[in-house]
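Notes follow the structure.
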Amino acid sequence: MKYSKQRSLVLSIVRGTDTHPSAEWVYEQARKEMPSIGLATVYRNLNALVGAGEIDRLTAAGNVDRFDGQLTEHCHMQCIRCGKLQDLYPTNKEDMEKLRSVICDTFGVGDKNVRMGRTLLRGVCNDCLKSEQ
Ligand SMILES: [Zn+2]
Ligand SMILES: [Zn+2]
């Protein structure tokens, strides 16, 4: 697919990090390359890229949207204190199938056709735990 300069830039920024950036962070990076780009343009392109299936949107209640350029199936752990998102890539296919099986049985998804890409687990990360001690 042929994208506009702005859209290609936004896509490469989101794909180039595993920090699951917010729209504001993408905007700050994009401005370094393209000083005239506006936040509204960044938002519009992020939404279009989500719609085209090029990136994923991770939404949790009460939090700003975060974007993920890594489309390989994986789960997320989000820290409830600092909002940091970490990826879990099951080390082997068997682990993933076991996890999928539990999820499908629990929710009654008979064809086992469940994608883990947007799964959000919540917890307190080690950095936050340390700083509280
Ligand atoms: Zn944290
Ligand atoms: Zn991710």
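The values are calculated or read from the model by the stated rules, or taken from the named source; none is laboratory data. Bear in mind that the values here come from a model prediction, so they are computed numbers and not experimental data. Methodologically, a virtual Cβ is constructed for each residue, glycine included, from the backbone with ideal geometry; neighbour enumeration extends over all protein chains shown. What goes into the accessible areas is simple: the full protein's heavy atoms, side chains included, and nothing from ligands, DNA or RNA. Shrake-Rupley method; radii C 1.70, N 1.55, O 1.52, S 1.80 Å.
General remarks:
- In segment 1-29, the residues that are charged (D, E, K, R) and not in a loop (DSSP other than H, G, I, E, B): 5, 7, 15, 24, 28
- Verdict on residue 47 being of a type outside the set (Gly, Ala, Ser), assigned to a loop (DSSP other than H, G, I, E, B), more than 13 Å from residue 9 (Cβ to Cβ) and not assigned by TED's automatic domain parsing to the domain that holds residue 88: no
- Filter pass, residue 85 being surrounded by 17 or more Cβ atoms within 10 Å (Cβ to Cβ), in contact with a strand residue (DSSP E or B) (Cβ under 9 Å, 6 or more places away or on another chain), hydrophobic (A, V, I, L, M, F, W, C) and in the same structural domain as residue 118 (by TED's automatic domain parsing): yes
- Selected residue [more than 25 Å from residue 7 (Cα to Cα) and β-branched (Val, Ile, Thr)] from 37, 103: 103
- In the condition set (1) of a type outside the set (Gly, Ala, Ser); (2) away from ligand 1 (no atom under 16 Å from the Cβ); (3) closer than 27 Å to residue 54 by Cβ; (4) open to solvent by 50 Å² or more (accessible area, probe 1.4 Å), residue 107 is compliant with all but (3).
- Residue 99 hydrophobic (A, V, I, L, M, F, W, C), surrounded by fewer than 16 Cβ atoms within 10 Å (Cβ to Cβ), at pLDDT below 95 and within 16 Å of ligand 2 (Cβ to nearest atom): no
- Test: residue in segment 66-79 that is of a type in the set (Asp, Glu), under 30 Å from residue 5 (Cβ atoms), surrounded by 13 or more Cβ atoms within 10 Å (Cβ to Cβ) and in contact (Cβ under 8 Å) with a residue 40 or more places away in the chain: yes
- Qualifying residue in segment 89-104 (condition: within 16 Å of ligand 1 (Cβ to nearest atom) and either free of Cβ contacts under 8 Å to residues at least 24 places away in the same chain or of a type in the set (A, V, I, L, M) (or both)): no
- Residue satisfying condition, being among the charged types (D, E, K, R) and outside the structural domain of residue 27 (by TED's automatic domain parsing), within set 100, 57: 100
Results for (1) at pLDDT below 95; (2) in contact with a Gly (Cβ under 7 Å, 6 or more places away or on another chain); (3) part of a loop (DSSP other than H, G, I, E, B), shown as yes or no for each residue.
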site: 31; (1), (2), (3): no, no, no
site: 63; (1), (2), (3): yes, yes, yes
site: 72; (1), (2), (3): yes, no, yes
site: 106; (1), (2), (3): yes, no, no
site: 118; (1), (2), (3): yes, no, yes
site: 131; (1), (2), (3): yes, no, no
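- Here residue 36 fits the description: polar (S, T, N, Q) and open to solvent by 50 Å² or more (accessible area, probe 1.4 Å).
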